[in-house]
Amino acid sequence: MVSSINSSWPSPGGTAPFPDLSGQMSGLFFYNKLPQWTWDIKKQESDKSILDNLRYVVVEGMTGYIQGYAAVFMLVNFLWIVTIAVQCRAILAMGFMISAVQTTKKSEMSVVLTTGPEQTWELNSMRWFTKFVGISLLIVRLVVVLFVGWEGFRFLNYTCEKVDLLLNSLALEFVLNINVAFAALVSKTNQKFIEKLDPIKYVSLVPRSWFRPLRVLAGPIIVTICIGGAVSARAWQLHIFESLFNDAAALCLFGGPHPHSDTFMAPVPGLCESLLHTVCATSNQSKTGPLGGFAGPPHESCVITDFGITWPKSVRAKSTLSLWPNAVFNSETNPDIWSWSYNTDPKIQSKFANVQDYLTADLAKVCMALYDGKQQPYTVIADGDTGEEAMAAPFQCRKDSGIRAYFENYVWAVTRSELWKRDDEAGGSWFPLMSKDPGLSSVLAKCH
């Protein structure tokens, strides 16, 4: 999801100035968002992380348009409902036909050969057993259509790419097109017989007074049902994926390693650093003394720099300007993190020009609340299996701030029904990131 990059003097991009120009930071480290060094949702490739997959599906909501996923999803579901409607209408028409055709009497022939030059067959009546078999097969076909239709909705609901939506819908259309079984299951003789069968004539069971209303209203009613079904499918998908996004975001924001894990909760290394474009130093040298104030005033260990690019740092060019991380949002006088917005400073606007969605901005706001500029970066175990270490910026939150309470009674949920049951019992999402809960904002304000 992110990659760690280290840069140090004498590399051209190996230093970064303090915002007050009192000195330079060296021994830099920062994290870039993979694969294209940006959180821009339109530039995420097919092999996404779990968090990116969920963000990709949720970010447009019902009517938004960023990368076009929501529009494609509803269009594919609309066409899928139309396909199901076509099958159901064919079953209904066949059922009316079987019911309307006269039942064969003992002395009658149900099928007769016509005297015309083409020698075709004409169906005059059907035996009761034939009708019974026909209606039974129609019921089976209806059950298959409805089952495949429902499973198709579920299948499309968990499809997270536009291309996959189109391919999967084609696969579902192939599965639903059970007419191909005709060529495999019916003998060649019977197939030729059916080909030579004249159109079946029968008296409709529908009263003639219904013909005009049905002809006028059937189309609009079916279109309304198809549109409503597509919108409902999208709402259903959003409900599920928003719950999953809350789970994934909570794990990424507060499930990372920390040297003092008994006291603090911290994000996964690289998440907040890449969201806020922070460039941090393991050893900061100023004109008056090292970080910590042994011979002069202390400085924060992280800055925002290189405002001409939309990733943290250029390793090929010298940095000339920087800002402290708390300049990213207008957060100085407003404790409610959900009301924060990106600073109108042209440098900040240029740096975060690729952040075009509210989910990424909300993640960045939480990270800003976790940032403790008074602390220095720390080393953590990034991979418990290999013992790989990584540097992390001072993003942390004290457990006694109230944040730990959100995780104490966490209930694992995997299936749709489990997610809904858990959220219903909690009266909403257990971690209310999507709902921008004021209580969560108050807790985050007490992190330090």
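Key figures for this structure:
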quantity: Residue in region 105-127 that is surrounded by 16 or more Cβ atoms within 10 Å (Cβ to Cβ) and in a helix (DSSP H, G or I) present; calculated: no
quantity: Test: residue in region 249-268 that is closer than 30 Å to residue 75 by Cβ and at pLDDT 90 or above; calculated: yes
quantity: Any hit, region 344-366, residues being touching a strand residue (DSSP E or B) at 6+ places or on another chain (Cβ under 9 Å), over 16 Å from residue 268 (Cα atoms) and aromatic (Phe, Trp, Tyr); calculated: yes
quantity: One residue from 347, 365, 436, 421 being among the charged types (D, E, K, R) and not in a helix (DSSP H, G or I); calculated: 436
quantity: Residue match in region 409-431 (condition: out of contact with any helix residue (DSSP H, G or I) (no Cβ under 7 Å at 6 or more places or on another chain), closer than 17 Å to residue 272 by Cα and of a type outside the set (D, E, K, R)); calculated: no
quantity: Count of residues meeting criterion [more than 12 Å from the chain's Cα centre (by Cα) and either within 30 Å of residue 392 (Cα to Cα) or not hydrophobic (A, V, I, L, M, F, W, C) (or both)] in region 227-273; calculated: 29
quantity: Any hit, region 232-245, residues being modelled with pLDDT of 90 or more, assigned to a strand (DSSP E or B) and more than 23 Å from residue 352 (Cβ to Cβ); calculated: no
quantity: Residue match in region 40-63 (condition: surrounded by 18 or more Cβ atoms within 10 Å (Cβ to Cβ), out of contact with any Phe, Trp or Tyr (no Cβ under 9 Å at 6 or more places or on another chain), in contact (Cβ under 8 Å) with a residue 12 or more places away in the chain and part of a loop (DSSP other than H, G, I, E, B)); calculated: yes
quantity: Near pairs, Cβ below 9 angstrom, 6+ apart or cross-chain, from region 205-216 (within 25 Å of residue 102 (Cα to Cα)) to any residue that is in a helix (DSSP H, G or I); calculated: 205/96; 205/99; 205/100; 206/96; 206/214
quantity: Residue 220, sole failed condition from (1) of a type outside the set (A, V, I, L, M); (2) crowded, with 21+ Cβ neighbours inside 10 Å; (3) at pLDDT 90 or above; (4) closer than 29 Å to residue 149 by Cα; calculated: (2)
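One line per residue, one yes/no per condition, for (1) assigned by TED's automatic domain parsing to the domain that holds residue 308; (2) in a helix (DSSP H, G or I); (3) at pLDDT 90 or above:
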site	(1), (2), (3)
338	yes, yes, yes
361	yes, yes, yes
373	yes, no, no
386	yes, no, no
390	yes, no, no
413	no, no, no
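The values are calculated or read from the model by the stated rules, or taken from the named source; none is laboratory data. Being a predicted model, the structure only gives us computed values, none of them experimental. Cβ sites come from the backbone with ideal geometry, for glycine too, and all protein chains shown count toward neighbours.
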